[in-house]
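The values are calculated or read from the model by the stated rules, or taken from the named source; none is laboratory data. Keep in mind that this is a model prediction, so the values were computed, not measured. All Cβ positions, glycine included, derive from the backbone under ideal geometry; neighbour counts span all protein chains shown.
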Amino acid sequence: MDTSAIAGGASAFSSANVGDSSVQLSVLKKAMNAEAQGVLSLIDALPKSQPQPATNLPSHLGQNINTTA
């Protein structure tokens with residue numbers, strides 16, 4: 001049984017896997033960056049809301065804290 005051929009095949013297989021994983025990692029990083037840019041543009045597209053004054057509420061509302069024992 002020739003073990004050197006098996007060892008050579010295993011090392012070639014592992015180096016091929018390392019090359020594939022680095023490409024996959026690069027593609028994943030690019031996809032995550034693109035998704036982050038999309039999320040930022042969606043957040044920027046949200047309307048900016050200004051707090052509206054409560055015109056129909058009583059003036060004393062929010063001045064006291066009611067507690068019970």
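Do you know which residues across the stretch 40-69 are outside any loop (DSSP other than H, G, I, E, B), among the hydrophobic types (A, V, I, L, M, F, W, C) and either touching a Pro at 6+ places or on another chain (Cβ under 9 Å) or loosely packed, with under 10 Cβ neighbours inside 10 Å (or both)? Walk me through it before giving the result.
Of the residues in the stretch 40-69, the ones outside any loop (DSSP other than H, G, I, E, B) are 40-45.
Then keep just the ones that are among the hydrophobic types (A, V, I, L, M, F, W, C); that gives 40, 42-43, 45.
Once the filter is applied, which keeps residues that are outside any loop (DSSP other than H, G, I, E, B), among the hydrophobic types (A, V, I, L, M, F, W, C) and either touching a Pro at 6+ places or on another chain (Cβ under 9 Å) or loosely packed, with under 10 Cβ neighbours inside 10 Å (or both), the stretch 40-69 yields L42, I43, A45.
Can you tell me which residue among V23, V18 is modelled with pLDDT of 80 or more and either over 22 Å from the mean Cα position of the chain (by Cα) or assigned to a helix (DSSP H, G or I) (or both)? Even if it seems obvious, please write down each step before you answer.
On the way: V18 fails: modelled with pLDDT of 80 or more.
Just a single option satisfies the conditions, and that option is V23.
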